[in-house]
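Enquirer: This is the structure I have questions about; it appears just below.
The values are calculated or read from the model by the stated rules, or taken from the named source; none is laboratory data. Everything numeric in this text was worked out from a predicted model, so none of it was measured. Backbone-built Cβ (ideal geometry, glycine too); neighbour counts: all protein chains shown. Each accessible area value is taken on the protein alone, full model and side chains, heavy atoms only, with ligands, DNA and RNA left out. Shrake-Rupley method; radii C 1.70, N 1.55, O 1.52, S 1.80 Å.
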Amino acid sequence: MILVTGATGNVGRHVVDEVLDAGRKVRALTRDPATAALPVDVEVARTDAMPLDGVESIFLNLSVFWTGLGDLLPRARAAGVRRVVMLSSAAALDEDPDNELAAHHRGAERAIEDSGLEWTFVRPGEFCTNALGWRDEIRSGEPVRNAFAGAAMAPIHERDIAAVAARALVTDDLVGATPLLSGPESLTHPDMVAIIGAAVGRPARFEEITEAEAREAMLSRPYMRPGLVDVLMRLRATSVGRPAEISPEVERITGRPGRSFAEWAADHAADFR
Ligand SMILES: NC(=O)c1ccc[n+]([C@@H]2O[C@H](COP(=O)([O-])OP(=O)(O)OC[C@H]3O[C@@H](n4cnc5c(N)ncnc54)[C@H](OP(=O)(O)O)[C@@H]3O)[C@@H](O)[C@H]2O)c1
């Protein structure tokens, strides 16, 4: 049995499908089983119950454990769980103590390393799904606004992250590995907005604003804290004018090339209409 935390999430839903496709049983966790709309052949349980009986491996999404892992790891050991596959972040590679995103992911990785369980840390960079934050602007024909228009990134499709995580869950190939994942192409926000416009069938625009304006807009979002805004702005500022690095890991691990942003935009066109 594979336990999937955050099973209704961007990555989690695809992890559920991939693990089922591999012929393994899934227990999927959600805070609200009534609305989770998970596949019928999955055992659904509540996140706060965290039932670990019969679980061999855990897919761990830190969104679920944003205040800390609590007693999860000792409980997992006591219950006979063998492996944790954590959805970490490329940010975990940054050793700057002021990078709170790095500290959050690296802290959890260290706790898992010390737990005595087998582990894999899947470390993606920017998700394509972050572009879902542009839905309102694109639907209403408003420009998408951000600072540092020339900042390049290699956004990754959530299905590619899930495919790597599933490989780590259902085979022994990635025990002790820390695959750094990216999408297959270096793109700026203006590039991505134009690609979404093409998928939707209606031109979409990007407009560059100042860093101060972008900070203010980010801080108005409910989950944003000043420390996180600092990290994200620094990342954009340092990514201007140089192509993003492309990782070969998705293709190496899954045997198929990473999905392009145009594929992602086609998969999500309805979200922007
Ligand atoms: N976005 C990026 O660019 C990026 C880059 C690198 C790494 N990451 C990592 O990826 C994770 C996000 O993955 P994702 O997009 O698949 O996750 P997600 O969709 O944000 O969340 C997954 C699921 O977790 C549950 N959840 C959310 N907040 C929760 C809370 N406070 N308490 C309990 N359960 C909660 C929700 O399920 P229910 O409502 O069904 O309970 C949600 O569907 C981040 O935590 C980060 O560690 C993100």
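Enquirer: How do the pairs read when you match residues in segment 106-127 that are over 21 Å from Asp96 (Cα atoms) and open to solvent by 60 Å² or more (accessible area, probe 1.4 Å) with residues anywhere that are in a helix (DSSP H, G or I) and modelled with pLDDT of 95 or more, using Cβ under 9 Å and keeping only pairs 6 or more apart or on different chains?
Expert: Asp114/Leu73
Enquirer: Can Ala103 be described as surrounded by fewer than 19 Cβ atoms within 10 Å (Cβ to Cβ), aliphatic (A, V, I, L, M), modelled with pLDDT of 95 or more and not in a loop (DSSP other than H, G, I, E, B)?
Expert: Here the answer is no, as Ala103 does not meet what is asked.
Enquirer: Out of the residues in segment 51-83 meeting the condition of being of a type in the set (Phe, Trp, Tyr) and part of a loop (DSSP other than H, G, I, E, B), tell me which one is nearest to the ligand (Cβ to nearest atom).
Expert: If we filter segment 51-83 for residues that are of a type in the set (Phe, Trp, Tyr), which is where we start, we get 59, 65-66.
Narrowing further to those that are part of a loop (DSSP other than H, G, I, E, B): 65-66.
Values: Phe65: 8, Trp66: 5 Å.
Step by step, filter segment 51-83, then rank; the result is Trp66.
Enquirer: Given the options Ala22, Ala7, name the one that is in contact (Cβ under 8 Å) with a residue 12 or more places away in the chain, under 16 Å from Arg159 (Cα atoms) and either touching a Gly at 6+ places or on another chain (Cβ under 6 Å) or open to solvent by less than 10 Å² (accessible area, probe 1.4 Å) (or both). Break it down stepwise before answering.
Expert: Working: Ala22 fails: either touching a Gly at 6+ places or on another chain (Cβ under 6 Å) or open to solvent by less than 10 Å² (accessible area, probe 1.4 Å) (or both).
Checking each option against the conditions leaves just Ala7.
Enquirer: Now for a separate question. Is it the case that Ala147 is small (Gly, Ala, Ser), open to solvent by less than 10 Å² (accessible area, probe 1.4 Å) and modelled with pLDDT of 95 or more? Give the derivation first.
Expert: Working: small (Gly, Ala, Ser): yes; open to solvent by less than 10 Å² (accessible area, probe 1.4 Å): yes; modelled with pLDDT of 95 or more: yes.
It is true that Ala147 is small (Gly, Ala, Ser), open to solvent by less than 10 Å² (accessible area, probe 1.4 Å) and modelled with pLDDT of 95 or more.
Enquirer: Exactly one of these conditions fails for Gly116: (1) on the phi < 0 side of the Ramachandran plot; (2) part of a loop (DSSP other than H, G, I, E, B); (3) away from the ligand (no atom under 15 Å from the Cβ). Give me its number.
Expert: Of the numbered conditions (1) on the phi < 0 side of the Ramachandran plot; (2) part of a loop (DSSP other than H, G, I, E, B); (3) away from the ligand (no atom under 15 Å from the Cβ), the odd one out for Gly116 is (1).
Enquirer: Within segment 65-80, which residues are open to solvent by 10 Å² or more (accessible area, probe 1.4 Å) and closer than 11 Å to Leu3 by Cβ?
Expert: Within segment 65-80, the first condition is being open to solvent by 10 Å² or more (accessible area, probe 1.4 Å), and the residues that meet it are 65-71, 73-75, 77-80.
Scanning segment 65-80 gives a single hit, Ala79.
Enquirer: Which of (1) at positive phi; (2) surrounded by fewer than 17 Cβ atoms within 10 Å (Cβ to Cβ) is the odd one out, the single condition Met50 does not satisfy?
Expert: For Met50, the exception is condition (2).
Enquirer: Here is a further query. Please state which of the following conditions Arg13 fails to meet, knowing it meets all the rest: (1) out of contact with any Asp or Glu (no Cβ under 9 Å at 6 or more places or on another chain); (2) over 24 Å from Ser115 (Cβ atoms); (3) within 16 Å of the ligand (Cβ to nearest atom); (4) of a type in the set (D, E, K, R).
Expert: Going through the list (1) out of contact with any Asp or Glu (no Cβ under 9 Å at 6 or more places or on another chain); (2) over 24 Å from Ser115 (Cβ atoms); (3) within 16 Å of the ligand (Cβ to nearest atom); (4) of a type in the set (D, E, K, R), Arg13 breaks only (1).
Enquirer: Could you check, for segment 173-184, whether at least one of its residues is within 15 Å of the ligand (Cβ to nearest atom) and either open to solvent by 40 Å² or more (accessible area, probe 1.4 Å) or part of a helix (DSSP H, G or I) (or both)? Give the derivation first.
Expert: To start, the set of residues in segment 173-184 that are within 15 Å of the ligand (Cβ to nearest atom) comprises 178-183.
Going one step further and asking which of them are either open to solvent by 40 Å² or more (accessible area, probe 1.4 Å) or part of a helix (DSSP H, G or I) (or both), we end up with 178, 180.
Yes.
Enquirer: When the residues of segment 84-93 are filtered to those that are within 12 Å of the ligand (Cβ to nearest atom) and not polar (S, T, N, Q), which remaining residue is farthest from Ala162 (Cα to Cα)? Spell out the reasoning first.
Expert: Just the residues of segment 84-93 that are within 12 Å of the ligand (Cβ to nearest atom), to begin with: 86-93.
Cutting the leftovers down to not polar (S, T, N, Q) gives us 86-87, 90-93.
Working: Met86: 11, Leu87: 9, Ala90: 15, Ala91: 18, Ala92: 19, Leu93: 20 Å.
Ranking the candidates gives Leu93 first.
Enquirer: Val40 - would you say it is in contact (Cβ under 8 Å) with a residue 40 or more places away in the chain, open to solvent by 30 Å² or more (accessible area, probe 1.4 Å) and assigned to a loop (DSSP other than H, G, I, E, B)? Full working, then the answer.
Expert: Numbers: in contact (Cβ under 8 Å) with a residue 40 or more places away in the chain: no; open to solvent by 30 Å² or more (accessible area, probe 1.4 Å): yes; assigned to a loop (DSSP other than H, G, I, E, B): yes.
So Val40 does not fit the description; no.
Enquirer: Which number in (1) surrounded by 13 or more Cβ atoms within 10 Å (Cβ to Cβ); (2) assigned to a loop (DSSP other than H, G, I, E, B); (3) near the ligand (Cβ under 10 Å from one of its atoms); (4) not β-branched (Val, Ile, Thr) marks the one condition that Asp32 misses?
Expert: Only one criterion is unmet by Asp32, namely (1).
Enquirer: Taking segment 81-100, which residues are in contact (Cβ under 8 Å) with a residue 60 or more places away in the chain and open to solvent by 40 Å² or more (accessible area, probe 1.4 Å)?
Expert: Leu93, Asp98, Glu100 - these are the residues of segment 81-100 that are in contact (Cβ under 8 Å) with a residue 60 or more places away in the chain and open to solvent by 40 Å² or more (accessible area, probe 1.4 Å).
Enquirer: Still on this structure, I have one more. Restricting to segment 200-237, name every residue that is part of a loop (DSSP other than H, G, I, E, B) and at pLDDT 95 or above. Write out each step before concluding.
Expert: Of segment 200-237, the ones part of a loop (DSSP other than H, G, I, E, B) are 201-205, 209-210, 220-225.
If the condition is that a residue be part of a loop (DSSP other than H, G, I, E, B) and at pLDDT 95 or above, then Gly201, Ala204, Arg205, Ile209, Thr210 are the ones that fit.
Enquirer: For Thr5, state whether it is among the β-branched types (Val, Ile, Thr), within 18 Å of Ala166 (Cβ to Cβ) and out of contact with any helix residue (DSSP H, G or I) (no Cβ under 6 Å at 6 or more places or on another chain).
Expert: Values: among the β-branched types (Val, Ile, Thr): yes; within 18 Å of Ala166 (Cβ to Cβ): yes; out of contact with any helix residue (DSSP H, G or I) (no Cβ under 6 Å at 6 or more places or on another chain): yes.
Against the criterion (among the β-branched types (Val, Ile, Thr), within 18 Å of Ala166 (Cβ to Cβ) and out of contact with any helix residue (DSSP H, G or I) (no Cβ under 6 Å at 6 or more places or on another chain)), Thr5 qualifies.
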